[in-house]
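Taking it in order: structure first as C-alpha cells, then the write-up.
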Amino acid sequence: MIPPLEEIEVERIHKRSVSDSKAEKRNVNVDMNPMVDLAFLLLTFFMLATTFSKPFAMELLVPAKPKENAVEKEIPVKESKTLSLLLLEDKLIWYNGITDPEVNEMEYQSEKIDALIKTQIIQISGLVVLIKPHEKSNYGQLVQLIDLLNQNKSKRYAITECSNFDLKLINE
C-alpha cells in the first residue's frame with residue numbers, strides 16, 4: 001500500500017546552495033555583427049532614398065557696423081541720379097528725383113520692370129536705386145527686384161523705408 005504522505009522523503013531536485021550561485025556565472029555571448037549590418041543597411045537606404053536640397057540664399061553686402069566713436073559720414077547723391085521704386089501688393093510706383101518728381105505707375109511684371117531698369121541705367125550714369133517695400137508687398141517681389149538689379153549690373157541700390165511723400169502717394 002501507499003505510505004502516508006508525511007513518511008515520504010522528498011529530495012529537492014533543483015536545490016541551490018549559496019556557494020553554487022556565486023561560483024556559476026553564465027557567460028553570455030551576443031553576436032553584434034547582424035545588428036551592425038542592419039544599421040549600415042538602414043543608413044545607406046535613408047541616404048539613397050532622401051534628396052538633399054540646396055538652401056536658397058541671396059547674397060547681400062551689408063556695411064560693417066561703425067565704431068561707437070566714429071563720425072557717421074553721408075555720401076551725397078544728386079537727386080537727378082536717384083530712382084525710387086515703391087513696391088505695393090500688385091503694382092510698382094516709380095519716380096526719378098526727390099523734390100517734386102513725376103510719379104509713374106505700372107503693374108508688377110518682371111518684364112516691364114526689367115525694361116524700366118535697363119532704360120534708367122542707360123539714361124542715367126551712376127544711378128542709385130532706392131527700393132521702398134510697403135507692408136502690402138511681399139518678400140518674393142523684393143527678391144525678384146534685387147535679382148533684376150543684379151542681372152542688369154546696377155552698382156548702387158539701397159532698401160529704405162517709405163517716406164511721407166511715398167505714403168501720400170499710396171493713400172491717393
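No lab work stands behind these numbers, since they all come straight from the coordinates. Given the structure is predicted, the values throughout are model-derived calculations rather than measurements. Quick reminder, even Gly has a Cβ in these numbers, built from the backbone with ideal geometry, and neighbours come from all protein chains shown.
Mean residue ellipticity at 222 nm from the helices of the chain, using -39,500 (n - 2.57) per DSSP H segment of n ≥ 4 over the full residue count, to the nearest 500 deg cm²/dmol?
It comes out at -10500 deg cm²/dmol, rounded to the nearest 500.
Just subtract the alpha-carbon distance of MET106 and THR50 from 0.36 nm times their residue separation and send over the number in nm, one decimal. Display every interim value, and only then the final one.
Details: separation 56, 0.36 × 56 = 20.16 nm, distance 4.37 nm.
Result for the pair: 15.8 nm of gain on full extension.
Quick check for me: using +1 on Lys/Arg Cβ and -1 on Asp/Glu Cβ, what's the dipole size of region 79-165 about its Cα centre, in debye to the nearest 20?
420 debye
Taking 7 Å along the Cα-to-C-beta vector as the label spot, tell me the THR119-GLU135 distance in nanometres, rounded to one decimal.
Each label point is offset 7 Å from its Cα along the Cβ direction, giving 3.3 nm.
How large is the charge dipole for region 28-172, taken about the Cα centre, if only the Cβ atoms of Lys, Arg (+1) and Asp, Glu (-1) carry charge, to the nearest 20 debye?
580 debye
Using a cut-off of 13 Å between beta-carbons, work out the net charge of the residues near ILE131 (Lys and Arg +1, Asp and Glu -1, ILE131 not included).
Working: positive: LYS132, ARG156; negative: ASP147, GLU161, ASP166.
Every neighbour counted, the sum reads -1.
Of GLU105, GLU135, GLU59, which is the most mobile in a GNM of the chain whose springs link Cα atoms less than 10 angstrom apart?
Maximum fluctuation in the GNM of the chain, among the listed residues, is at GLU59.
What whole-number distance in Å separates the alpha-carbon centres of region 36-99 and region 126-150?
Centre-to-centre (Cα) distance: 11 Å.
For the pair VAL143 and ILE75, how long in nm is the line joining their label points, each one 7 Å along Cα→Cβ?
If labels sit at VAL143 and ILE75, their model points lie 2.7 nm apart.
Less than 19 Å from a label point 7 Å out along the Cα-to-Cβ axis of LYS153: which backbone N atoms in region 105-141 qualify, by residue?
Output list for this probe position: 114-129.
Give the percent of DSSP beta bridges with both residues in region 79-165 that are antiparallel, rounded to the nearest 5.
50 percent
How large is the Kirkwood hydrodynamic radius of the chain, in angstrom, based on all distinct alpha carbon pairs?
By the Kirkwood definition, the hydrodynamic radius is 23.4 Å.
Contact order normalised by length for the chain, with contacts defined as Cα pairs under 8 Å and 6 or more residues apart; what percent is it?
17 percent
Longest exposed-loop-site-free stretch of the chain, with chymotrypsin sites (Phe, Trp or Tyr not before Pro), DSSP loop and at most 10 other Cβ within 10 Å? Please report the intermediate quantities before stating the final value.
Details: sites that count: PHE52, PHE56.
It works out to 57-172.
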